[in-house]
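Peer 1: Take a look at the following structure, please.
The values are calculated or read from the model by the stated rules, or taken from the named source; none is laboratory data. Since the structure is predicted, the reported quantities are computational estimates derived from the model, not experimental observations. Methodologically, a virtual Cβ is constructed for each residue, glycine included, from the backbone with ideal geometry; neighbour enumeration extends over all protein chains shown.
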Amino acid sequence: MKKSRFTEAQIMAVLRQAEGGVPVPELCREHGISSTSFNKWRAKYGDMDASMMSRMKALEDENRRLKRMYADLACRPIF
């Protein structure tokens with residue numbers, strides 16, 4: 001999976017600036033992101049705070065790990 005150039009804290013800061021009234025095109029230009037990326041961030045992280053964001057990241061990691069374990073067990077031949 002591709003790693004983001006921005007940390008969760010940076011994403012939260014950009015979203016807070018937008019909530020503060022800074023126009024979205026100006027934010028996108030300033031931070032070097034597309035409006036599509038901004039809209040995806042808003043959809044995913046819009047109403048979260050930092051603790052919720054870190055909890056979501058931990059759950060995604062756990063889910064990824066469990067899916068890998070299941071795939072390994074499901075593909076193992078039974079003798």
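Peer 1: Would you point out which residue out of Lys40, Lys44 is of a type outside the set (Gly, Ala, Ser) and at pLDDT below 90?
Peer 2: Numbers: Lys40 fails: at pLDDT below 90.
The match here is Lys44.
Peer 1: A further question follows. Quick one: Ser4 ticks every box in (1) part of a helix (DSSP H, G or I); (2) within 13 Å of the chain's Cα centre (by Cα) except a single one, so which number is it?
Peer 2: (1)
Peer 1: Moving to a separate point now. For residues that are touching a residue at least 12 places away in the same chain (Cβ under 8 Å) and aliphatic (A, V, I, L, M), scanning just region 1-24, find the one that is farthest from Asn39 (Cα to Cα).
Peer 2: Ala9
Peer 1: Is it true that Met12 is surrounded by 12 or more Cβ atoms within 10 Å (Cβ to Cβ) and assigned to a helix (DSSP H, G or I)? Steps first, answer last, please.
Peer 2: Details: surrounded by 12 or more Cβ atoms within 10 Å (Cβ to Cβ): yes; assigned to a helix (DSSP H, G or I): yes.
Spelling it out, Met12 is indeed surrounded by 12 or more Cβ atoms within 10 Å (Cβ to Cβ) and assigned to a helix (DSSP H, G or I).
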